[in-house]
Amino acid sequence: MSARMRVTRAHTGNRRSHHALKEPRLSTCAKCNAQHLRHRMCPECGSYRGREVVDVVGQKAARTVRRNARLKAMGEDPQADDETQSQKVEVKAEKKAASKGSSVAMEKAKKTTKKI
């Protein structure tokens, strides 16, 4: 018997049969009925096993306050962010159409900007 023997395709397949990915096991939050990973707090409401562990709503409010303060310091209007976001999407669509070089795509991009 040699030190190294050939591994057949069948044996390789048998070994790899256990390599398949499995879906994560999810649980339902008792408070907000959102899906979350088991043995972890709910990312929506911040509770674990019926008690609040993290104040998610407070953290989100604090994050919004910090963001608005940073935008004001930079001289931008926080409420105008939604409008600028839609303008950025239009610019990206135009650039994408221009990079492809097709006149049909450029016409579609122009029509979508005219509608808005």
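Computed from the coordinates by the stated procedures, all read-outs in this text should not be read as laboratory data. Values in this document were obtained by computation on a predicted structure and should not be read as measured data. Positions of Cβ are backbone-derived with ideal geometry, glycine not excepted, and every protein chain shown enters the neighbour counts.
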Using r as the Cβ-Cβ distance of Asp55 and Leu21, and R0 as 41 Å, what FRET efficiency do you calculate, to the nearest 0.05? 0.75
Roughly what would the spin-label model give for Val7 and Ser99, points 7 Å off Cα along C-beta, in nm? 4.1
